Structures are given as C-alpha cells and as structure tokens.
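The structure appears below as structure tokens.
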Amino acid sequence: MRKNFGAKPLSYPQPVLIIAAYDENGIPNAMNAAWGGISEMNEISMCLSEGHKTVKNILKRKAFTVSMADAAHVIACDYVGIVSGNHVEDKFTKAGFHATKSSFVDAPLIDELAVALECRLKDYNPETCILRGEIVNVSVDERALNEHGQVDPAKVAPICFDPFNNTYLKIGEKVGNAFADGKLLK
Ligand SMILES: Cc1cc2nc3c(=O)[nH]c(=O)nc-3n(C[C@H](O)[C@H](O)[C@H](O)COP(=O)(O)O)c2cc1C
C-alpha cells in the first residue's frame with residue numbers, strides 16, 4: 001500500500017538555495033528558494049515569484065549568486081525566506097549576512113555561506129516564474145576545502161528542505177560512489 005499525497009511540489013531532496021542580488025543602489029538582498037536546480041551544464045533554473053524583491057533586483061542588475069544554505073546558518077537562511085526586502089530594507093544585514101562583490105558578475109557573495117554559484121541572468125518568464133541563469137563561476141571558501149583543495153561536505157554541512165514536514169535536514173553521510181557503484185550490476 002502507498003499513501004497518495006496528491007499533485008504537490010514534494011520531492012527529496014529539495015535544495016535550500018539562497019539567492020542574492022544587489023538593488024539599484026548596491027544594497028544586497030537575499031531570498032530562500034527550494035524550487036530549483038541545475039538544468040544544463042552551465043545553467044540553473046528556479047521558480048521564483050515575480051513580486052519578490054530579489055527577483056526585481058535580478059531583473060535590474062541581470063546577475064545573482066546562488067549560495068548553498070548550511071547547518072550553521074539555518075536561522076538566517078530561513079529568515080530570508082519568510083521576510084521580504086520589499087518591507088524590510090536591511091534584511092540582508094538583519095540576517096547577519098555580509099556581502100562581498102563577485103569578481104565574475106554584478107552580484108553579492110554571502111561571506112557566511114561557503115559554496116556559491118555566480119550567475120548571469122539568462123531570462124525570466126513571469127507567467128511560469130522560471131528564472132534561468134548562466135553559471136559563470138562556482139566559488140568555494142577555503143574554509144570548506146580539505147588539504148587537497150577538494151570540497152569537504154562535512155565542512156560545508158549543506159542542508160536540504162523536507163517539504164513533507166517543513167523542516168531542514170543536514171546532508172552528510174556518504175553511502176556510495178556515483179558513476180561507480182552501479183557497475184556491480186553490469
Ligand atoms: C523553505 C523555503 C523555500 C522557498 N522556496 C521558494 C521558491 O522556490 N520560490 C519562491 O518564489 N519563493 C520561495 N520561498 C519564499 C521566499 O524566499 C520569500 O517569499 C522571501 O521573503 C522573498 O524575499 P524577497 O522579497 O526579499 O526577495 C521559499 C521560502 C522558504 C522558507
């Protein structure tokens with residue numbers, strides 16, 4: 001027996017993407033988005049509602065960053081998902097975030113979040129809410145790297161969104177090797 005949950009946006013794992021952009025005065029703002037992911041080799045697609053301050057900023061500056069939310073910053077990452085920069089001017093600062101301008105695009109990197117995609121706006125369709133960005137660079141703060149310069153997921157401690165329970169879960173335990181374990185059945 002399976003239980004049916006209906007036609008709803010429920011899947012595992014859903015990302016916790018923190019999207020950041022500057023407004024026309026260079027003030028950074030950020031929002032939380034769970035509906036999105038990689039859609040091509042150098043492309044990310046997300047479903048973002050037109051009214052969000054972040055979307056307005058992206059349309060003005062034609063650029064944004066997408067940081068991976070992490071366990072150390074759950075409160076800040078949830079905060080930017082429940083308060084709008086349309087109403088709270090210093091939302092980014094209130095979240096405890098600090099911005100450093102990306103060297104690749106006209107958008108802020110969030111110092112507190114180690115892993116980020118730096119993106120140029122490709123297009124936005126307000127009817128479908130789909131916003132697509134070209135990934136121009138991926139940067140990872142050194143504090144999340146191991147001694148070989150590789151990304152250490154234990155140091156990043158990324159989180160995912162559980163839409164079934166409205167919770168955030170820490171991503172952690174390694175259970176296999178991609179493009180490899182399946183060979184056992186070949
Ligand atoms: C867990 C979570 C996931 C969210 N996912 C999305 C999403 O995928 N698309 C979207 O448009 N809004 C999403 N939101 C809502 C926005 O983050 C929220 O409306 C935010 O206040 C917009 O901020 P802004 O107006 O300052 O840009 C999500 C919020 C939370 C807490």
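Each value in this text was obtained by applying a stated rule to the coordinates, not by laboratory testing. Here the structure is a predicted model, which is why all the values come from computation and not from measurement. Please note: Cβ atoms are built from the backbone with ideal geometry, for glycine as well, and neighbour counts cover all protein chains shown.
Quick notes on this one:
- J(HN,Hα) series, the stretch 10-27, from Karplus relation 6.51 cos²θ - 1.76 cosθ + 1.60, nearest Hz, glycine and proline x: 10, 8, 10, x, 9, x, 10, 9, 9, 9, 10, 8, 8, 8, 5, 9, x, 7
- Label zone of Lys62 (point 7 Å out along Cα→Cβ, amide N under 20 Å): in the stretch 21-55 this covers 21-29, 42-46, 54-55.
- Of the residues Val66, Leu131, Pro13, the one whose Cα sits farthest towards the positive end of the charge dipole of the chain is Pro13 (charges of +1 on Lys and Arg Cβ, -1 on Asp and Glu Cβ, taken about the Cα centre).
- For Lys3 and Val138, the difference between the fully extended length at 0.36 nm per residue and the C-alpha to C-alpha distance is 44.6 nm.
- Greater than 20 Å apart at Cα, pairs in Lys60/Lys101; Lys56/Lys170; Lys53/Lys122; Lys56/Lys91; Lys56/Lys101; Lys53/Lys91: Lys56/Lys170
- Mean residue ellipticity at 222 nm, helices only, the chain: -3500 deg cm²/dmol; runs of at least 4 DSSP H residues each add -39,500 (n - 2.57), and the sum is divided by the number of residues.
- Spatial offset of the stretch 1-39 relative to the stretch 115-138 amounts to 13 Å, using the alpha carbon center of each.
- Here's how it looks for Asn86: its modeled amide H is under 5 Å from those of Lys53, which are all 5 or more places away or on a different chain.
- For the chain, built as a Gaussian network whose Cα springs stay under 10 Å, the top-fluctuating residue of Ile19, Ile58, Ile27: Ile27
- More than 25 angstrom apart: percent of Cα pairs within the chain: 36
- Counted residue by residue at 0.36 nm each, then reduced by the alpha carbon distance between them, the extension gain from Thr93 to Ile130 reaches 10.6 nm.
- Taking the Cα centre of the stretch 1-110 as reference, the dipole from Cβ charges on Lys and Arg (+1) and Asp and Glu (-1) amounts to some 320 debye.
- Database remark: amide H of Trp35 closer than 5 angstrom to the amide H of Cys47 (H placed geometrically; neighbours at sequence offset of 5 or more, or on other chains; Pro and chain starts carry no H).
- Between the listed residues Cys77, Tyr22, Pro108, the Cα displaced farthest toward the positive end of the dipole of the chain, a dipole computed from Cβ unit charges relative to the Cα centre, is found at Cys77.
- Modelled label positions at Ser103 and Asn25, each set 7 Å beyond Cα in the direction of Cβ, lie 3.0 nm from each other.
- At full extension, Gln150 and Asp162 could sit 1.6 nm farther apart than now, given 0.36 nm per residue minus the alpha carbon distance.
- Least to most buried among Phe97, Phe64, Phe5, Phe104 (fewest other Cβ within 10 Å first): Phe5, Phe104, Phe97, Phe64
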